[in-house]
Amino acid sequence: MKGTTDMNKFVNLKEFHVDFDQDHESTVRGLDEVSPTALYIDKILSLNELTQLQKQLSGMDWVPVGYSGIKGDYQPGDPIGSWRISLHNQEYADKIWKRIGHHIPSRTIVHPCDIDGDEGQTWIPVGVSPLWRFIKYTDGNKLYIHYDFPYVETNTDVGGLMTQQSLVIYVSKHDVTGGGTRFLNDPQKAIPVKNRDLSDQPRFANLDEVFAVPSVELGDAIVFDHRMLHDGQEVKGSGEKIIIRTDIMFQRVV
């Protein structure tokens, strides 16, 4: 499929151990200022889980990437857009899915301009992707204008599995300002996804292109469709901001 995720682009897969709180619950509400399908998840991670993650991440060797966020685009001496660690863990994905899965609606494609696929296809949410990307932003770091790409696990015929929504979890932020996820007015919004130019734009958004910058608390998360145009606002300050980026898996049933 055009614009799919290449697993080889991800940086140093690391091991983590988090004792998830069995009885922890999350609540979900619509994030209407972003889109009718976007969601805000309150406390997707408990304070205990956040503390465990923060402690382990503080001792990790982070790998720099450029403004595109893609491993292969960065060469030593280039400006650093962010710092990365990746983790593949199905158990963690299953535990998060248990907390939020009943809040993620199925979708039948009415407008192929919104998501990957053809009109009339129905997709049901089935889980969280086991690929966890930890992303750290420090002073001057930022991210180019881009769409998120789907990871296609199997083909998109009936029974096929692919990601269609991004899940961003906010893990740590201290002594910095900025760094918001900025959603942008998209000049290709009326074009079906399969006909768009989905390449990253090697620039940052002007203020008049931004229509929403959600304010998110630590331990919370946002969910939004992959094909929403966005960038990462510049971070300023002596500290750091850390997020987790993963995805929601869907299965085609019709």
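The values are calculated or read from the model by the stated rules, or taken from the named source; none is laboratory data. In this text the structure is predicted, and so the values were computed from the model without any measurement. Cβ coordinates were reconstructed from backbone atoms using ideal geometry, including for glycine residues, and neighbour counts include every protein chain displayed. Remember, those area values only see protein heavy atoms, side chains included, never the ligands or the DNA or RNA. Shrake-Rupley method; radii C 1.70, N 1.55, O 1.52, S 1.80 Å.
Distance in nm between label sites at Val253 and Asp139, each 7 Å beyond Cα in the beta-carbon direction?
5.2
Report the net charge of residues surrounding Ser238, where surrounding means a beta-carbon distance below 11 angstrom and charges are Lys +1, Arg +1, Asp -1, Glu -1.
-2
If you add up the charges near Gln188, with Lys and Arg at +1 and Asp and Glu at -1, over every other residue whose beta carbon is less than 11 angstrom from its beta carbon, what do you get?
With Lys, Arg at +1 and Asp, Glu at -1, the net is +1.
What is the gain in length, in nm to one decimal, between Ser35 and Asp73 on full extension, counting 0.36 nm per residue of separation less the C-alpha to C-alpha distance?
Values: separation 38, 0.36 × 38 = 13.68 nm, distance 3.05 nm.
Gain on stretching Ser35 to Asp73: 10.6 nm.
Protein chains only, probe 1.4 Å: how do Val193, Val158, Val28 rank by accessible area, largest first?
On the way: Val193 0, Val158 95, Val28 40 Å².
So, going from the largest accessible area down, we get Val158, Val28, Val193.
Taking the Cβ-Cβ separation of Lys194 and Leu47 as r and a Förster radius of 25 Å, what is the calculated FRET efficiency to the nearest 0.05?
0.05
Taking amide H positions as placed 1.01 Å from N in the peptide plane, with prolines and chain starts having none, which residues 5 or more places from Asp148, or on another chain, fall under 5 Å of its amide H?
The list, which skips near neighbours in sequence, is Met228.
Rounded to the nearest 20 debye, what is the charge dipole size of the chain about its Cα centre when +1 sits on each Lys and Arg Cβ and -1 on each Asp and Glu Cβ?
Charge dipole of the chain: 240 debye, to the nearest 20.
Please give, to one decimal in nm, the separation of the simple spin-label points placed at Asp118 and Gln90, each 7 Å out from Cα toward the Cβ.
3.1
Report the per residue volume, in Å³, of the convex hull enclosing the C-alpha atoms of the chain.
122
Hey, which of these cross-link pairs are over 21 Å Cα-Cα: Lys173/Lys236; Lys14/Lys95; Lys98/Lys136?
Details: Lys173/Lys236 11 Å; Lys14/Lys95 19 Å; Lys98/Lys136 26 Å.
The pairs that break the limit, which is 21 Å between Cα atoms, are Lys98/Lys136.
If I build a Gaussian network model for the chain, linking alpha-carbon pairs within less than 10 angstrom, which residue out of Pro79, Pro187, Pro150 has the largest mean-square fluctuation?
Residue with maximal mean-square fluctuation among Pro79, Pro187, Pro150: Pro187.
What spacing in nm lies between the two simple spin-label points modelled at Asp23 and Val152, each 7 Å away from Cα in the Cβ direction?
4.6
Given R₀ = 35 Å, what would the calculated FRET efficiency be for Met60 paired with Val210, taking r from the Cβ atoms and rounding to 0.05?
Working: r = 32 Å, r/R0 = 0.91.
In this case the efficiency is close to 0.65.
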